[in-house]
Every structure is written in C-alpha cells, then in structure tokens.
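Participant: Next up is a structure, given as structure tokens.
Here, each number is a calculation from the coordinates, and none is a lab measurement. What you see is a predicted model; the values in this text were computed from it and never measured. Note that we place each Cβ from the backbone using ideal geometry, even for glycine, and neighbour counts take in every protein chain shown.
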Amino acid sequence: MTTDTTNAPTSFALPTASWAHWLIRLPVAATFLYHGLPKFADLAGGAGYMGLPLAVWTLVALGEAFAGLGLLAGGALRGNPGDLLTRAAGASIAIIMTGAVVLVHLGPWSGMEFQVLLLASGLFFALRGNRA
C-alpha cells in the first residue's frame, strides 16, 4: 500500500512576529524612564533618603534614563549600532537592578519579584541585543 504525500506539509511552522520584542522593550523602557527621570529633580534629597553618596545616586539616575532611552533607540536603529545600544541598555538595567535587589529588596522572597523580573529582562537584552 502506498500513501500519497504530495499534499502533506513537510513541516509545521508557527507564524513569527518580528515586532514582538517591543512587547517587552516598551514596558521595561517606560519603567526605567518613569523611575529615572524624576530623580534629577532632587538628586541630593534622593541620595540622602537612600543613604547613598550623591555621585552614586546621580549614576543611578543617569543609568536609568539611559536604559529607557537606550532600549527605545536601540530597538529603532538597525544593524550593529542598534544592537550595541540595546545591549548597553540591558547591561545598565542588570547592574542597577542587581544593586536594587542587594541594597533594598534582599531578604524574604516576597516583594522582590518585580525587581527580579526587571533584572532578568536586562540580562536578556544585554545577552541577546536586537536578536531577541
């Protein structure tokens, strides 16, 4: 007995959405812009509140603003410049969120799920760049 396979599909492929990286990129960028830009209004007050030197707090504010803008611009740019910008923004996120988890949220697991998710998102973009 023979089987006619001329009309049978050779493989099953799910549709791809080349724009899907924006589903993660946009909310992560918005989160870092939302938390980073207001820090510039009172750097000294924020540093005092967190018990950090002004220089460190300023770097956190710059890093958060860069992370948000870098994810957006990196996703919009094509080629190596966009890829490198996305990776740098992801690395900035990973560094900032590691500091946030260690200095503020370390302890019982409850309450730091969001910070760990942001840390993982930063690592993802740092490692994958625009090849997400």
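Participant: Once you charge only the Cβ atoms, +1 for Lys and Arg and -1 for Asp and Glu, what is the size of the charge dipole of the chain about its Cα centre, to the nearest 20 debye?
Facilitator: 220 debye
Participant: Relative contact order, percent, of the stretch 22-131 when contacts are C-alpha pairs under 8 Å separated by at least 6 residues?
Facilitator: Numbers: 144 pairs, mean separation 28.6, N = 110.
Across the stretch 22-131, relative contact order equals 26 percent.
Participant: Here is a further query. Using the Cα gyration tensor of the stretch 22-131, with a ≥ b ≥ c the square roots of its eigenvalues, what is the shape: rounded (a/c below 1.5), prolate (a/b larger than b/c) or oblate (neither)?
Facilitator: Verdict is oblate for the stretch 22-131.
Participant: Let me know the shape class of the stretch 82-132, please: from the alpha-carbon gyration tensor, a ≥ b ≥ c as square roots of the eigenvalues, rounded when a/c is under 1.5, otherwise prolate if a/b is greater than b/c, or oblate.
Facilitator: Verdict is prolate for the stretch 82-132.
Participant: Among I95, L127, V28, whose Cα sits farthest toward the positive end of the charge dipole of the stretch 22-131 (+1 at Cβ of Lys/Arg, -1 at Cβ of Asp/Glu, about the Cα centre)?
Facilitator: Of I95, L127, V28, it is L127.
Participant: Through the Karplus equation 6.51 cos²θ - 1.76 cosθ + 1.60, θ set to phi - 60°, convert the phi angles of the stretch 50-57 into ³J(HN,Hα) values in whole Hz; use x for Gly and Pro.
Facilitator: 8, x, 10, x, 4, 4, 5, 4
Participant: Please check: in the Gaussian network model of the chain (C-alpha springs, under 10 Å), which one of A88, A13, A61 has the largest mean-square fluctuation.
Facilitator: A13
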